[in-house]
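J.: First the structure, which I've put down as structure tokens, then a few questions once you've had a look.
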Amino acid sequence: MPTIKTIFFISLLLSLLLVSCSDSAAPVYQGSEIEILKASVTHELEKEFERHDYSLDELDHGVPPLILQTMPRDLSQISSSSRKKEVFFKSLLPMILLANNEIHRERKQIIEFKQILEKGGKLNDDQLHRLNSLATRYKVESANLTSKQALSELLLRIDIIPPALALAQAANESAWGTSRFSQQANNLFGEWTFIKGAGIVPEGRPEGATYEVRRFENVYESIRSYLRNLNTHFAYKEMRQIRAEARAAGNKLKASELAEGLFRYSIRGEEYVRDLQSLIRSNRLTRFANVGLKSRG
């Protein structure tokens, strides 16, 4: 029989990791031409990076907008830790920037709507439709979405996650892209689903449990879902508040500071936060803070 403590931990994980499979559609990046890479092994992927002149040491001209269909199947066989990390970071950084770009454009729209209303104007039908779509996507319920309170809540939720934090969590949750779920389900962040057949049944799942580890069409969709999860779930409201306070003070978003608000992401709590901060620090992930996407036009 499971103990009360075990039941509590299972309930907590269900609450934190459950992500709906009925996400409302988000806009697709409309900047540079995106290329989907189908390389299945590391040396093929590295050739693609070379073809795009993509190096982590030379990002002044931006990162190529690349989406991985899957993580390389042989990541676990790479003996060199530095090479494995480089492949991992180069693989995910473009997709994190692409997903953040979507969020940035959504945030810009809300700011524009807010400015119109503050000047005494009204939103047209297209703008109201867009506002409703964003409210649905970011789980903001209000009888009046054009109210100051509703718009403030949307701005609290619709904001980017620093690449350093996303990279650190992906490394931690997916064992540097080698975990069973990252390899077989393109799931880098351990998100769950209760829709039977929509994921992979984890080993050691308690008897009677029905959750599965969610399967994603490609790695990019896992990243987008993760960002939406941080921006909507009640468990991460502290992270969103830290981010909002930094915005209000005119400060840059700092990954290590935002990590302080993610103590509920894992049952390890503060120890998990310290692990993220250590990953950010030891891998110099803040070097990617001001990197943008490369235009191929």
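J.: Return the only residue of G177, G121 being in a loop (DSSP other than H, G, I, E, B) and under 29 Å from P65 (Cα atoms). Even if it seems obvious, please write down each step before you answer.
T.: Details: G121 fails: under 29 Å from P65 (Cα atoms).
Going through G177, G121 in turn, just one is in a loop (DSSP other than H, G, I, E, B) and under 29 Å from P65 (Cα atoms): G177.
J.: Tally up the residues in segment 57-82 that are without any contact (Cβ under 8 Å) to a residue 60 or more places away in the chain and either in a strand (DSSP E or B) or open to solvent by less than 90 Å² (accessible area, probe 1.4 Å) (or both), please. Give the derivation first.
T.: Initially, segment 57-82 is screened for residues without any contact (Cβ under 8 Å) to a residue 60 or more places away in the chain, giving 57-58, 60, 66, 74, 77-82.
Narrowing the set further to residues that are either in a strand (DSSP E or B) or open to solvent by less than 90 Å² (accessible area, probe 1.4 Å) (or both) leaves 58, 66, 74, 78, 80-82.
Of the residues in segment 57-82, 7 are without any contact (Cβ under 8 Å) to a residue 60 or more places away in the chain and either in a strand (DSSP E or B) or open to solvent by less than 90 Å² (accessible area, probe 1.4 Å) (or both).
J.: For L97, indicate whether it is without any contact (Cβ under 8 Å) to a residue 40 or more places away in the chain, among the aliphatic types (A, V, I, L, M) and at negative phi.
T.: Details: without any contact (Cβ under 8 Å) to a residue 40 or more places away in the chain: no; among the aliphatic types (A, V, I, L, M): yes; at negative phi: yes.
Taking the combined requirement at face value, the residue does not satisfy it.
J.: How about segment 258-271: which of its residues are more than 17 Å from the chain's Cα centre (by Cα) and touching a residue at least 12 places away in the same chain (Cβ under 8 Å)? Show your work before the answer.
T.: As a first pass, look at segment 258-271 and keep what is more than 17 Å from the chain's Cα centre (by Cα): 267-271.
Across segment 258-271, the qualifying residue is only I267.
J.: Another question about this same structure. Take the conditions among the hydroxyl-bearing types (S, T, Y), assigned to a helix (DSSP H, G or I) and open to solvent by less than 60 Å² (accessible area, probe 1.4 Å) and apply them to S40. Does it pass?
T.: Numbers: among the hydroxyl-bearing types (S, T, Y): yes; assigned to a helix (DSSP H, G or I): no; open to solvent by less than 60 Å² (accessible area, probe 1.4 Å): yes.
So S40 does not fit the description; no.
J.: Is it fair to say L188 is assigned to a helix (DSSP H, G or I) and buried (at least 20 other Cβ atoms within 10 Å of the Cβ)? Write out each step before concluding.
T.: Numbers: assigned to a helix (DSSP H, G or I): no; buried (at least 20 other Cβ atoms within 10 Å of the Cβ): yes.
When the stated conditions are applied, L188 does not pass them.
J.: Please go through segment 176-231 and give me each residue that is closer than 24 Å to A164 by Cα and free of Cβ contacts under 8 Å to residues at least 12 places away in the same chain, ordered by number.
T.: S179
J.: Now for a separate question. If E33 passes every condition in (1) part of a loop (DSSP other than H, G, I, E, B); (2) of a type outside the set (A, V, I, L, M, F, W, C); (3) at pLDDT 95 or above but one, which one does it miss?
T.: (3)
J.: Restricting to segment 191-208, and then to whatever is part of a loop (DSSP other than H, G, I, E, B) and aliphatic (A, V, I, L, M), can you tell me which residue is least open to solvent (accessible area, probe 1.4 Å)?
T.: So in segment 191-208, the residues part of a loop (DSSP other than H, G, I, E, B) come out as 191, 194-198, 201-208.
Those still in the list that are aliphatic (A, V, I, L, M) too: 195, 198, 201.
Values: I195: 90, A198: 29, V201: 68 Å².
Once the filter is applied, the top-ranked residue is A198.
J.: If you scan segment 267-291, which residues turn out to be basic (K, R) and either open to solvent by less than 60 Å² (accessible area, probe 1.4 Å) or not in a loop (DSSP other than H, G, I, E, B) (or both)?
T.: If we filter segment 267-291 for residues that are basic (K, R), which is where we start, we get 268, 274, 281, 284, 287.
Answer for segment 267-291, where residues must be basic (K, R) and either open to solvent by less than 60 Å² (accessible area, probe 1.4 Å) or not in a loop (DSSP other than H, G, I, E, B) (or both): R274, R281, R287.
J.: Now for a separate question. Give the residues of segment 145-165 that are open to solvent by less than 30 Å² (accessible area, probe 1.4 Å), out of contact with any Phe, Trp or Tyr (no Cβ under 7 Å at 6 or more places or on another chain) and under 26 Å from R274 (Cα atoms), sorted by residue number.
T.: D159, I161, P162, L165
J.: Name the single residue that is nearest to N229 (Cα to Cα) among those in segment 122-144 being open to solvent by 50 Å² or more (accessible area, probe 1.4 Å) and of a type in the set (K, R). Full working, then the answer.
T.: Here is the first cut: in segment 122-144, the residues open to solvent by 50 Å² or more (accessible area, probe 1.4 Å) are 122, 124-126, 128-130, 132, 136, 139, 141-144.
Okay, now just the ones that are also of a type in the set (K, R), so 122, 130, 139.
Values: K122: 31, R130: 20, K139: 10 Å.
Restricting to residues being open to solvent by 50 Å² or more (accessible area, probe 1.4 Å) and of a type in the set (K, R), the top hit is K139.
J.: Okay, next question. Among I78, I103, which is the only one that is under 21 Å from A168 (Cα atoms) and touching a Lys or Arg at 6+ places or on another chain (Cβ under 8 Å)?
T.: Values: I103 fails: touching a Lys or Arg at 6+ places or on another chain (Cβ under 8 Å).
Among I78, I103, only I78 is under 21 Å from A168 (Cα atoms) and touching a Lys or Arg at 6+ places or on another chain (Cβ under 8 Å).
J.: Separate question: If you take the residues in segment 209-242 that are over 17 Å from the mean Cα position of the chain (by Cα) and open to solvent by 70 Å² or more (accessible area, probe 1.4 Å), which one is nearest to E270 (Cα to Cα)?
T.: Q241
The values are calculated or read from the model by the stated rules, or taken from the named source; none is laboratory data. As the structure is a prediction and not an experimental result, all values here were calculated from the model. All Cβ positions, glycine included, derive from the backbone under ideal geometry; neighbour counts span all protein chains shown. Accessible surface is based on the protein model in full, side chains and every heavy atom, while ligands, DNA and RNA are left aside. Shrake-Rupley method; radii C 1.70, N 1.55, O 1.52, S 1.80 Å.
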